[in-house]
Amino acid sequence: MRAKGRFIALEGGEGVGKSTQGRLLAEALHRQGHEVVTTREPGGTAGAEAIRAMVLGTEGDGWGARAEALLFAAARADHVERLILPAIARGAWVVCDRFVDSSRAYQGGGGGLSDADVLDLHRIGSGALMPDVTLLLTVPPEVAAERLARRDGGLADRIGGRDADYHARVAAAFVAFARSSPERFAIIDAQGTPDEVHERVMAAVGGLA
Ligand code: TYD
C-alpha cells in the first residue's frame, strides 16, 4: 500500500502572494517525486466553482455572514469529498490555496460569526478535516493596507472589496488562530522576493516528509 498523502493549506489576506507560493511549493514537491494536486477554495470541483461564482460575483445584494459561511461550507464539503480526500488516500500531496481558516477569519473574525459556529459547519460539511500544515503568509498591516488601496483597479470581488477595517479584523484573526495552534500553523513572513519567501515555505514543510 502507498503511504498516505499530505494536505498543505496556504492562508493569508488578499495580495500576500499565496498563489505564487502555492505554485512554487507544488513544483518543488513534484521535483521531490510526489504526486501533487494543486487546488483552491472556494472551488476545486465543478460544484464548488459554481458556488465560488455566486459568492464572489458582484451582482445582486450578496449574503450576510451566516449565509455566506453556509455557502463556503457547502463548497468545501464537495471539494473535500470529491477531490481532497481521494487525493490524500492515493498518496498525493494536496496544496490548497485557502481552506477552513479562511472561513474562520473572514466569516468569523471579519463577519462576526463565532469560531465555534464556523467549526460546527466544518464538522457537519467536511468531517472537521484539517490540513497537516497551514502556512499563514503575513505582511505588516501597513503593507497590506497599501496593497489593498491600489489593488485591482476597482475590480475587487465581493469579499476582497470590503473595507480596510474588515480586512484588518481578518488579518488579526488569522494570526490569533496561528498562535493558538502552533502545532498546525507556520507563520511565514511574506515580504521579500518570491524565492526568499519560497525558502521559508520549504523550511516550514520540511518536517512533513
Ligand atoms: P480569491 O480570488 O481566491 O482571493 P485571493 O487571491 O485573495 O486568495 O478569492 C477568495 C475570496 O474569498 C477572498 O476574498 C477570501 C474569501 N473567502 C472567504 O471569505 N471565506 C472562505 O472560506 C474562503 C475559502 C475564501
(message) Modelling each spin label as a point 7 Å along the Cα-to-Cβ direction, I'd like the Ser114/Tyr166 distance in nm, to one decimal.
(response) 2.4 nm
(request) Please list, in chain and number order, the residues 5+ apart from Phe99 or on another chain whose amide H is under 5 Å from its amide H, with Hs placed from the backbone. (result) none
(request) Show the residues, 5+ positions off or on another chain, whose built amide H is closer than 5 Å to the amide H of Ile187. (result) Leu136
(request) Enumerate the amide H contacts of Trp93 below 5 Å, restricted to partners 5 or more residues apart or on another chain; note that Pro and chain-start residues carry no placed amide H. (result) Arg6, Glu35, Val36, Val37
(request) Mind putting a number on the dipole of region 65-178 about its Cα centre? Charges go on the C-beta only, +1 for Lys and Arg and -1 for Asp and Glu, and I need it in Debye to the nearest 20. (result) 180 debye
(message) For the chain, what are Rg and Dmax over the alpha carbons, in angstrom?
(response) 16.4, 51
(request) Round to a whole angstrom and tell me the spacing of the C-alpha centers of region 54-125 and region 130-209. (result) 17 Å
(message) Compute, for region 6-208, the length of the dipole vector about the Cα centre, with Cβ point charges of +1 (Lys, Arg) and -1 (Asp, Glu) only. Units Debye, rounded to 20.
(response) 300 debye
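Every number in this text was worked out from the coordinates using simple rules, so none of it is lab data. In this text the structure is predicted, and so the values were computed from the model without any measurement. Glycine gets a Cβ as well: all are built from the backbone with ideal geometry, and neighbour counts include every protein chain shown.
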